[in-house]
Amino acid sequence: VSVRISLIGRPQFDIDAFLSFLLEGQMDWHRSPGATAPEEIVEVAGRICYMSFGSKQSPRSNTGYIRNLIKQGHESVLEHVSWTFLLAGVSRAFTHQLVRHRAGFSFSQLSQQYHEETEATFVQPAHLAKSHRALQAWQEAMVKSQESYRVILDSLNELNGSPGMDLQQKEFKRAIRSAARSVLPNATETTIVVTANARALRHFFGIRGSIPGDVEMREIAGALFGLVEGEAPSLFPDFSLERLADGTPVLKHLPLTE
Ligand SMILES: Cc1cc2nc3c(=O)[nH]c(=O)nc-3n(C[C@H](O)[C@H](O)[C@H](O)COP(=O)(O)OP(=O)(O)OC[C@H]3O[C@@H](n4cnc5c(N)ncnc54)[C@H](O)[C@@H]3O)c2cc1C
C-alpha cells in the first residue's frame, strides 16, 4: 500500500467581522499583501495582545511580525490556526507514535473493533527489501497473521449464542474482533483523521521530522510540512524540507536568531 495524505480542513479568516471590530474602536490595520488566512489570524491574535493597530502598528510585514513572535517564544498565538489531515495507508506503528502527541492534536482513527480486518493490508517498512531473507520472513509473518485473524474470527463466530457468548450482536462482534485483532502486527494499514494547530505541528516537526532511522515518520512529517508550509509559510520560517542521501525527506530546524 502507498501512503495517502490529504489536507481536508483549513482555517478561514472572516475579514469583515474583524474590520467591524476595528471600526467600532476607530482603529485601522495595514494588511500585508499576499498574507494568507492563517497568517492573518495569527497576526491579528498577536496584535490584539498589544492593540497594536493604527498609529501603534509597526512597519513590520505579516511575515516579519510572526517571525518575531516565534523568536520571542510567544507561540501560544500560533494555536489559533489548525489544519485537518486525512492519512491513509499508514501503519499502526506510526499512528501509535503519532497519538502520543497530547497537546493541540485531535485524532479519529479506524476502529479494529468495528471494522473487520480480514482484508487488511500491511505497510512494508523501509529497508526491509534490502535483505531477501528479511523480506521473506516479513511476508510470511503477514500472511500467517492474516490467516490466524480469519481462523480466530471464524472459530469464535461459531460460538455465537453459546454460554458466555450470548451477547447482543454488536457486542458479540466487538468481542470476537477484539480477540482476532490481537494477532495483527504493527504493520497493519490504518486510516486516521488528524487535526493539529500550528504550534503543535511545529513541535511535532521539530522532534519527529529528522530521526534518521524512522523513515515512515520522516516521510509523513515531511508531507505534512509541505502542505502547511504552502498554506502559511510565515508560521514555519525556521524549518526546511531537505533530502537525505537516499532521497527520503528530512526536516531541518534552524532556530531563529534574528
Ligand atoms: C526519538 C524519540 C524516542 C522516543 N522514545 C519513546 C520511548 O521509548 N517510549 C515512550 O513511551 N515514548 C517515546 N517517545 C515518545 C515521547 O516520549 C513523547 O511521548 C512523544 O514524542 C510526544 O511528545 P511530547 O510529549 O513532547 O508532545 P505533546 O504530548 O504534544 O506535548 C507537547 C508539549 O506540551 C508540554 N506538555 C504536554 N503534556 C504535558 C504534561 N502533562 N506536563 C507538562 N508538560 C506537558 C510539553 O512541553 C510537551 O513537549 C519518543 C519520542 C521521540 C521523538
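The values are calculated or read from the model by the stated rules, or taken from the named source; none is laboratory data. What you see is a predicted model; the values in this text were computed from it and never measured. Here the Cβ is made from the backbone with ideal geometry for all residues, glycine too, and neighbour counts use every protein chain on show.
Things to note:
- Close pairs (6 angstrom Cβ cut-off, 6 or more residues apart or separate chains): more than 17 Å from HIS80 (Cα to Cα) in region 93-109, part of a loop (DSSP other than H, G, I, E, B) and within 11 Å of the ligand (Cβ to nearest atom) anywhere: PHE107/VAL99
- Region 123-141, subset assigned to a loop (DSSP other than H, G, I, E, B) and surrounded by 13 or more Cβ atoms within 10 Å (Cβ to Cβ), residue farthest from the ligand (Cβ to nearest atom): GLN124
- Unmet requirement for ALA129, which otherwise passes all of (1) within 30 Å of LEU7 (Cα to Cα); (2) without any contact (Cβ under 8 Å) to a residue 40 or more places away in the chain: (1)
- Total residues in region 55-75, condition surrounded by 13 or more Cβ atoms within 10 Å (Cβ to Cβ) and either part of a helix (DSSP H, G or I) or touching a Pro at 6+ places or on another chain (Cβ under 7 Å) (or both): 11
- Summed over region 76-96, the residues that are hydrophobic (A, V, I, L, M, F, W, C), assigned to a helix (DSSP H, G or I) and closer than 24 Å to LEU22 by Cα give a count of 2.
- Test result for ARG243, at pLDDT 95 or above and exposed (fewer than 13 other Cβ atoms within 10 Å of the Cβ): yes
- PRO255 being within 16 Å of the ligand (Cβ to nearest atom), more than 12 Å from the chain's Cα centre (by Cα), in a loop (DSSP other than H, G, I, E, B) and over 14 Å from HIS101 (Cβ atoms): yes
- SER182 vs. criteria among the hydroxyl-bearing types (Ser, Thr, Tyr), surrounded by fewer than 17 Cβ atoms within 10 Å (Cβ to Cβ) and closer than 26 Å to GLN124 by Cα: yes
- Which listed residue is more than 30 Å from LEU156 (Cα to Cα), touching a helix residue (DSSP H, G or I) at 6+ places or on another chain (Cβ under 9 Å), away from the ligand (no atom under 16 Å from the Cβ) and touching a residue at least 40 places away in the same chain (Cβ under 8 Å), from ASN68, ASN62: ASN62
- In region 181-200, residue nearest to the chain's Cα centre (by Cα) [restricted to those that are within 10 Å of the ligand (Cβ to nearest atom) and assigned to a helix (DSSP H, G or I)]: ALA200
- Scan of region 38-54 for residues that are free of Cβ contacts under 8 Å to residues at least 40 places away in the same chain and not in a loop (DSSP other than H, G, I, E, B), ordered by number: GLU40, GLU43, VAL44, ALA45, GLY46, ARG47, ILE48, CYS49, TYR50, GLY54
- Search result, residues across region 92-122 that are buried (at least 18 other Cβ atoms within 10 Å of the Cβ), among the small types (Gly, Ala, Ser) and more than 16 Å from the ligand (Cβ to nearest atom): ALA120
- When we screen SER210, SER178, SER148 for residues that are closer than 30 Å to PRO11 by Cβ and either touching a residue at least 12 places away in the same chain (Cβ under 8 Å) or within 16 Å of the ligand (Cβ to nearest atom) (or both), the only hit is SER210.
- All positions within region 79-90 that are within 16 Å of the ligand (Cβ to nearest atom) and either small (Gly, Ala, Ser) or at positive phi (or both): SER82
- Candidates GLY213, GLY161: the one that is in contact with a helix residue (DSSP H, G or I) (Cβ under 9 Å, 6 or more places away or on another chain) and part of a loop (DSSP other than H, G, I, E, B) is GLY161.
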